[in-house]
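The structure appears right after this line, and notes come after that.
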Amino acid sequence: MRLCFIIFAGTYCFCLPFSVNSQPIAGTTGLLNTPTAEMQPEGTFFMGANYLPNAITPDFFSYNTGNYYFNITFLPFLEVSYKLTLIKVSNNHYNQDRSVMVRGRLFRESRLLPSIVLGVNDIYSTGIENQYFNAGYWVATKSFRLSFLKLQCNAGQQSSLKNPDFASGFFGGISLTPLKNEWIRLMAEYDGKSFNTGLSTTLFNHVKLYGFAYDMKHFTGGIQYFINLNKNKNGI
């Protein structure tokens, strides 16, 4: 409890308004294990690593594992990610499954209408049988300001193009962010298979910590570093 207090106190002291709302498991923009139709500012780069319990991975994985990823928003409407997931070959040796994710925004959110994004995960592999995380999706996002809170609502549908045991069908979720304390974000979602709840918090301007309960019982978490390359280039 004391450690949690120290972490959140440090966050309050050192965070900045710039933040990245990412889907950490896939290494793209989103909630916990579902995407959103948010887009990062142009030039945003982030990278991170996750602990993945066996329950959250496709059936091919029969063990706990992890992944790490790199993501950049080239244009205001285009985001590309590169993710590597550890695959156990033997007790002492791991290989890596490599996958590329691409997201494009069709419509920007307006006062009345939501933003809409189309995306593809694990878009390319040297072998079709290796596309463990392959899926295509659309997602819509609408944000609301409720006195001292920002409420974000997301809904969409995804289908696995190559892997039948990947979560498919309808997904949706919400997030709550205090307007005066945007360093913390509370999230809840249904990812097509399970309900998940969690939070993220920002430390030292560019570091994000996040954790959530997958299927309300399996802990998943990770760390992320983010920066806006355009602002850094201009010395802002």
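The values are calculated or read from the model by the stated rules, or taken from the named source; none is laboratory data. No experiment lies behind these values; they were computed from the predicted model shown. Backbone-built Cβ (ideal geometry, glycine too); neighbour counts: all protein chains shown. Surface accessibility is based on the protein's heavy atoms, side chains included, excluding ligands, DNA and RNA. Shrake-Rupley method; radii C 1.70, N 1.55, O 1.52, S 1.80 Å.
Report, to two decimal places, the Cα Rg of the stretch 188-232 normalised by 2.2 N^0.38 Å (N = number of residues).
Against the compact-globule rule of thumb, the ratio is 1.45.
Output ³J(HN,Hα) for the stretch 140-156: one whole-Hz value per residue in order, computed from phi by the Karplus curve 6.51 cos²θ - 1.76 cosθ + 1.60 with θ = phi - 60°, and x for Gly and Pro.
Result, rounded to whole Hz: 10, 9, 9, 10, 9, 9, 10, 6, 9, 10, 9, 9, 10, 10, 10, 8, x.
Run the helix sum for the chain: -39,500 (n - 2.57) per DSSP H stretch of 4+ residues, divided by residue count, reported at 222 nm to the nearest 500 deg cm²/dmol. Working shown, then result.
On the way: 2 runs with 18 residues, N = 236.
Estimated from H runs of four or more residues: -2000 deg cm²/dmol.
Accessible area per residue for the chain in Å², computed with a 1.4 Å probe and the full protein assembly in place, what is it?
For the chain, the solvent-accessible area averages 51 Å² per residue.
How much of the accessible area of the chain, probe 1.4 Å, is carbon plus sulfur, in whole percent?
Looking at the chain in its full context, I get 65 percent from C and S.
Binning at 10 Å from 0, report for the stretch 22-131 what percent of all alpha-carbon pair distances ends up in each bin.
Once binned at 10 Å, the Cα pair distances of the stretch 22-131 give 14, 43, 29, 12, 2, 0.
Quick one: net charge around Ser143, please, counting Lys, Arg +1 and Asp, Glu -1 for every other residue with C-beta under 11 Å from its C-beta.
Local charge sum for Ser143: +2.
Measure nothing but the geometry: give the 0 to 90° angle between the long axis through the Cα atoms of 2-14 and the longest principal axis through the Cα atoms of the chain, rounded to 10°.
Roughly 60 degrees, rounded to the nearest 10.
Starting from the Cα of Phe148, step 7 Å along the direction of its Cβ; do the same at Phe74; then give the gap between the two resulting points in nm.
4.4
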